[in-house]
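Asker: Right, I'll just put the structure down here and ask away after.
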Amino acid sequence: MLVTGAKLITLLLERQGVEVVAGIPGGSVLPLYDALTSSTIRHILVRHEQAAGFLAQGFSRSRGIPGVCIATSGPGAMNLLTAVADAHADSIPLVAITGQVNSYLIGTDAFQEVDTFGLSFPIAKHSMMVKTPEELLVAIPRAFSLALSGRPGPVLIDIPRDVQTAQIEVNELPEPGRKVFGPENFNMPEAVLDKSVDEAVELLCSAKRPVLFAGGGAANDEASSLILKLVENYSIPVVTSLMGIGVIPFDNKFNFGMVGMHGTPVANRAMHDSDLILACGVRFDDRATGIIREFCPNARIIHIDIDAAEVNKIYRTQVSLIGDSGDVLARILERLSSSEKKAAQTPERTKWFLFLEEQKMAYIRGLRREPGNPNDFIASLPDSAEKGGCSRENLLVTTDVGQHQMWAAQSYPVFRPRQFMTSGSLGTMGFGLPVAIGAAIANPGKRVICISGDGSIMMNIQELATLRENDLNVTVILLDNGALGMVRQQQEFLYNKNYSASIYESAPDVLRVAEGFGIESIEAGSKDWEKKAFGKKGPCFVRFYVDQKENVFPFVPAGKPNIDPILG
């Protein structure tokens, strides 16, 4: 068949199973948009290209499949790159297609010409510049394979306009790109992996104070189920990074919470006092570790990660296991079950677990319970949803970045992987609303709660139009304190209360703004607010006032170890 490059792109995306793409049309992608009119692919028109990338992340983070986004050349592509960088930082599979000026104009400073290919190099897993329509047959399937394989990440394909308009004779479409297990995974040779698993089992059996530290690399159903089996059979406490929330259910007795600057004191104490860390899919990033030498000073480390570059980067490990967390954990469990040694309860391990349980209960007892407390409000959202007629099992959660993000991470009861979506490493304000839109499209039977702040919501507030236009089941919960709360908090504790550019002198009436977009808006706590927020089809905008002096606790100030937090 004779097709244009643009038509070929849509055929290849359809063959890949893509049902939805997000973007904004512009000159260099108009041929592709013309081809989309005869495609089975649904296009979501966002109001800013950054939101197109985050909407695609909503697909990826909630379902584990690559989302697809489109932007035109120049400013369109530049706007998209923030979302690409965010996906790269959190290892989220994404395929970004950008238009480029005609090939013969590249390098002439043509209208809306920017070197998207070059700019994307440091912030994408892989970048491609397609120079002929024939290259599309390889580039698009390969983009999906690369996005999923090994350590997931975003792949960007830059396609000049004349490549989209050129014609090509295609006899057969290539096979779709799929997740592959090969050298790209940096997998260890089988014999080396077996030996390392034996060494890991030896350490696990002899440990008196073990801790399993779970991160985003273990936030999938397979790894999560294996972690549960491991810790319940062998009495190992679990702590998580921000990206690891949901690896173990919120109410599981082995879950001791999130580590780091705003982590639970018991989680940080567990890491500090441990004699063995089984690290699953974590990077030991600075927000988790704080002062590196004080994080786990007496622990031997077994590190499981699919990216060899992350192992021995921050801490020297005793055992390195390079591979998929689920695969490696399955091997460890099999070896433990057949081992003559016992890794289950010993008097020392029983004492260790009881010590951590006592620490956990003491912390919970010390938490204040006052009206208007944001932690309590966020913790009660599943109950509010059920009062409104929405099952808590059908809730997904996204957050923006700031104090509300940490309150949500601390208090929202997350029970499974992919239920809680937040910008971890890059910490991008404006993330929550477009990701919620993408997650709602990808999961039509669920309701998505977007927890945001009055600073973050303004970063992509224009996407309320996209939300209304698509009539999606998204409840936006705005925690309003009239400030850039996390900045204000750090200025209070670290900069002698010099509140420089962190407190708003004036603010819009966000409820009226949301109503202007056609979205029903209410105050939390008003009559029947739960039914309006959760009981009706379509979107709702809810405001919850927070005292500006309310801070996130625990809080570990810069220069202090994690075991020395301010508790409030």
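Asker: In segment 239-257, is there at least one residue being among the hydrophobic types (A, V, I, L, M, F, W, C), within 20 Å of the chain's Cα centre (by Cα), surrounded by fewer than 24 Cβ atoms within 10 Å (Cβ to Cβ) and within 20 Å of PHE415 (Cα to Cα)?
Answerer: yes
Asker: Take the conditions part of a helix (DSSP H, G or I), over 23 Å from the mean Cα position of the chain (by Cα) and in contact (Cβ under 8 Å) with a residue 40 or more places away in the chain and apply them to LEU55. Does it pass? Let's see the steps before the verdict.
Answerer: Numbers: part of a helix (DSSP H, G or I): yes; over 23 Å from the mean Cα position of the chain (by Cα): no; in contact (Cβ under 8 Å) with a residue 40 or more places away in the chain: yes.
No: the conditions fail for LEU55.
Asker: Considering segment 405-421 alone, what residues qualify as being in contact with a helix residue (DSSP H, G or I) (Cβ under 7 Å, 6 or more places away or on another chain) and open to solvent by less than 10 Å² (accessible area, probe 1.4 Å)?
Answerer: Answer for segment 405-421, where residues must be in contact with a helix residue (DSSP H, G or I) (Cβ under 7 Å, 6 or more places away or on another chain) and open to solvent by less than 10 Å² (accessible area, probe 1.4 Å): TRP407, ALA408, TYR412, MET421.
Asker: Taking segment 88-123, which residues are more than 23 Å from the chain's Cα centre (by Cα), in a helix (DSSP H, G or I) and free of Cβ contacts under 8 Å to residues at least 24 places away in the same chain?
Answerer: LEU105, GLY118, listed by residue number.
Asker: Just one of ILE70, ILE44 is open to solvent by less than 10 Å² (accessible area, probe 1.4 Å), assigned to a strand (DSSP E or B), touching a Pro at 6+ places or on another chain (Cβ under 9 Å) and not charged (D, E, K, R); which is it? Give the steps one after another, and end with the answer.
Answerer: Values: ILE44 fails: touching a Pro at 6+ places or on another chain (Cβ under 9 Å).
Selected residue: ILE70, the only one of ILE70, ILE44 that is open to solvent by less than 10 Å² (accessible area, probe 1.4 Å), assigned to a strand (DSSP E or B), touching a Pro at 6+ places or on another chain (Cβ under 9 Å) and not charged (D, E, K, R).
Asker: Can you pull out every residue in segment 7-38 that is of a type in the set (Ser, Thr, Tyr), open to solvent by less than 40 Å² (accessible area, probe 1.4 Å) and either in a loop (DSSP other than H, G, I, E, B) or farther than 22 Å from PRO75 by Cα (or both)? Reasoning before the result, please.
Answerer: Applying the first criterion (of a type in the set (Ser, Thr, Tyr)) to segment 7-38 yields 10, 28, 33, 37-38.
Imposing the further condition that a residue be open to solvent by less than 40 Å² (accessible area, probe 1.4 Å) reduces the set to 10, 28, 33.
Passing the criteria: only THR10.
Asker: Among the residues of segment 290-313 satisfying the criterion of being of a type in the set (Gly, Ala, Ser) and under 15 Å from ARG151 (Cα atoms), which is surrounded by the fewest Cβ atoms within 10 Å (Cβ to Cβ)? It would help to see each step written out before you state the result.
Answerer: As a first pass, look at segment 290-313 and keep what is of a type in the set (Gly, Ala, Ser): 290, 299, 308-309.
Pick out the ones that are also under 15 Å from ARG151 (Cα atoms) and you get 308-309.
Details: ALA308: 17, ALA309: 11.
The qualifying residue surrounded by the fewest Cβ atoms within 10 Å (Cβ to Cβ) is ALA309.
Asker: Separate question: Taking the residues in segment 374-392 that are closer than 17 Å to VAL546 by Cα and touching a residue at least 40 places away in the same chain (Cβ under 8 Å) as candidates, determine which candidate is most open to solvent (accessible area, probe 1.4 Å).
Answerer: PHE377
Asker: Does segment 496-517 hold any residues that are part of a loop (DSSP other than H, G, I, E, B), open to solvent by 40 Å² or more (accessible area, probe 1.4 Å) and not basic (Lys, Arg), and which are they?
Answerer: Matches in segment 496-517: ASN496, ASN498, TYR499, SER500, ALA501, TYR504, GLU505, SER506, ALA507, PRO508, ASP509, PHE517.
Asker: Inspect all residues belonging to segment 133-151 and state whether any of them is outside any loop (DSSP other than H, G, I, E, B), among the β-branched types (Val, Ile, Thr), over 30 Å from ILE304 (Cα atoms) and open to solvent by 20 Å² or more (accessible area, probe 1.4 Å). Write out each step before concluding.
Answerer: The initial filter retains those residues of segment 133-151 that are outside any loop (DSSP other than H, G, I, E, B), namely 133-148.
If we keep only those that are among the β-branched types (Val, Ile, Thr) too, we end up with 138, 140.
Add one more test, that the residue is over 30 Å from ILE304 (Cα atoms), and what stays is 138, 140.
Applying the additional criterion that residues be open to solvent by 20 Å² or more (accessible area, probe 1.4 Å) yields 138.
Yes: one or more hits.
Asker: Within segment 302-331, can you find the residues that are under 18 Å from GLU222 (Cβ atoms), acidic (Asp, Glu) and assigned to a helix (DSSP H, G or I)?
Answerer: The answer is ASP327, and nothing else.
Asker: Look at GLU334 and say whether it is out of contact with any Asp or Glu (no Cβ under 8 Å at 6 or more places or on another chain), under 22 Å from SER225 (Cβ atoms), assigned to a helix (DSSP H, G or I) and not polar (S, T, N, Q). Steps first, answer last, please.
Answerer: On the way: out of contact with any Asp or Glu (no Cβ under 8 Å at 6 or more places or on another chain): yes; under 22 Å from SER225 (Cβ atoms): yes; assigned to a helix (DSSP H, G or I): yes; not polar (S, T, N, Q): yes.
It is true that GLU334 is out of contact with any Asp or Glu (no Cβ under 8 Å at 6 or more places or on another chain), under 22 Å from SER225 (Cβ atoms), assigned to a helix (DSSP H, G or I) and not polar (S, T, N, Q).
Asker: Okay, moving on. Taking segment 203-234 as the search range and keeping residues that are in contact with a strand residue (DSSP E or B) (Cβ under 9 Å, 6 or more places away or on another chain), farther than 27 Å from ARG418 by Cβ and part of a helix (DSSP H, G or I), which one is least open to solvent (accessible area, probe 1.4 Å)?
Answerer: Only one residue fits best here, namely LEU204.
Asker: Consider SER235 carefully, then state whether it is at pLDDT 95 or above, among the small types (Gly, Ala, Ser), over 22 Å from SER411 (Cβ atoms) and over 19 Å from the mean Cα position of the chain (by Cα). Reasoning before the result, please.
Answerer: Working: at pLDDT 95 or above: no; among the small types (Gly, Ala, Ser): yes; over 22 Å from SER411 (Cβ atoms): yes; over 19 Å from the mean Cα position of the chain (by Cα): yes.
The answer is no for SER235.
The values are calculated or read from the model by the stated rules, or taken from the named source; none is laboratory data. Being a predicted model, the structure only gives us computed values, none of them experimental. Reconstructed Cβ throughout: ideal geometry from the backbone, glycine too, with neighbour counts over all protein chains shown. SASA here: full protein model, heavy atoms, side chains in, ligands and nucleic acids out. Shrake-Rupley method; radii C 1.70, N 1.55, O 1.52, S 1.80 Å.
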